[in-house]
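FYI, it's all coordinate maths here, none of it is from the lab. Because the structure is a prediction, the values reported are computed rather than measured. Here the Cβ positions follow ideal geometry from the backbone for every residue, glycine too, while neighbour counts run over all protein chains shown.
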Amino acid sequence: MTKAADLHKSSAWPLALAYAGLIVYASLFPFADWRNLGAAPWEFWWAPLPRYWTRFDLWINVWGYAPLGLFLAVGACRTGQARWAAALAAGLCAVLSLTLETLQVYLPARVPSNLDVLLNFLGGVLGAGVALMLHQLGALERWSHLRARWFVPESRGGLVLLALWPAALLYPLALPFGLGRVVEQVEACLVELLEDTPFLALLPIRETELQPLLPSALVACVMLSALAPSLLGFCITRKRIQRFAVMGAVLIAGVVASCLSSAWSLGWPYLWAWWDLPAGVGVVLSLLLAGAFLNASARVCAGGLCVVVVVSLSLINQAASSVYFEQTLQHWDLGSGARFYGVLEWLGWCWPYAVLVYAVSYMLLPNKSGSS
């Protein structure tokens, strides 16, 4: 066990937990019409292998579990359990897959398959194999030393949130980088939940419909939304030059993810459809503001992050979505991949609120960063 590994808790475990949650969502979507169809939940275990399958089924079942196997095996290697890493990763992937496929027996919209379990197990084995190869080549050891030089000891939560930010941007957004837009969804859920009850009258109802943001407010929203991951990175990095590198890396990742989102929802000719004048001005202003925090202490960056997230969420949740955005969502949700896109949607809803909790806890807990 290296000194770097001792000082830093592995980010692989929370990444594995988050990814397992995404797998659960994708496997049990749409979470509706649960019922007992009279079949024993274990019958599919020894049923003949399905005669019909598609390339999509093969690809998604293998590669969908490969990252989980990778994260689990890396976590085992980073905690000194390299000898059991492959068995642990493959076994947990198999147990998770078998459990979810068994639960699908009670979902009429889903079809449990023993072939899926085998393919999921294979994906977990492949991911674990990659992790062991990286371990044997010394890549994990080098990452431990790099992380010790660049990031503070208590950086695991921040690194996980930074890693999830580009993924959260893949689902189409009403505003560039505008994560956390949940007010309309929460209102609709509450109305449906309280329907035909006396509590519905207690629900506060907006007297006016949401309106599109003014150009200045739109620029401010983009600026703050793009600034948040940079400030998050500043909370966990040690030196100014490293903060500068993190600022550039997260911005590039955000732009690439936004381009991919636009291309997947509208088509590859529309790769840059999301980039307009307000988006460009907002990104430039976010870089200027981030530069002002390069020499600030980690606690000041955490405080600034709280303000940035609260103000951006306020702006985002007061903005009405355009007709073009609603058409984009209709196109995006079509097809069998809707359950996977729903995972990204939830990630986009929750990411800013998780960052806000992280920033508040960072300021309240004793300062163990040792950063500037």
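If you take the Cα atoms of region 3-150, find Rg, then find the Kirkwood Rh from the mean of 1/r over all pairs, what is Rg/Rh?
Over the Cα atoms of region 3-150, Rg/Rh equals 1.07.
Here region 3-150 is assigned +1 on the Cβ of each Lys and Arg and -1 on the Cβ of each Asp and Glu. Its dipole about the Cα centre then comes out at about 560 debye. Here is the list for region 203-287: trypsin sites (Lys or Arg not before Pro) lying in DSSP coil, each with at most 16 other C-beta atoms within 10 angstrom of its C-beta, are 206, 239.
Summarising the amide proton neighbourhood of residue 151: residues at separation of 5 or more, or on other chains, whose placed amide H is nearer than 5 Å comprise an empty set. Could you tally the net charge around residue 293, taking each other residue with its Cβ under 12 Å from the Cβ of residue 293, Lys/Arg +1 and Asp/Glu -1? Once positives and negatives cancel, what remains is +3. A Förster radius of 35 Å, combined with the Cβ-Cβ distance separating residue 99 from residue 79, puts the computed FRET efficiency at roughly 0.90.
Residues in region 257-267 carry Karplus couplings, in order, of 5, 5, 5, 5, 4, 5, 5, 5, 8, 10, x Hz; the curve used is 6.51 cos²θ - 1.76 cosθ + 1.60 with θ = phi - 60°, and Gly or Pro positions show x. Working ranking of peptides 301-308, 179-186, 132-139 by packing, defined as the average number of other Cβ atoms within 10 Å per residue, highest first, is 301-308, 179-186, 132-139.
Relative to one another, the C-alpha centroids of region 230-244 and region 127-143 are positioned 26 Å apart. Relative contact order of region 3-150: 35 percent, from C-alpha pairs under 8 Å at least 6 residues apart in sequence.
What does the extension gain come out to for residue 217 and residue 193, with contour length at 0.36 nm per residue minus their alpha carbon separation?
That pair, residue 217 and residue 193, stretches by 5.3 nm at full extension.
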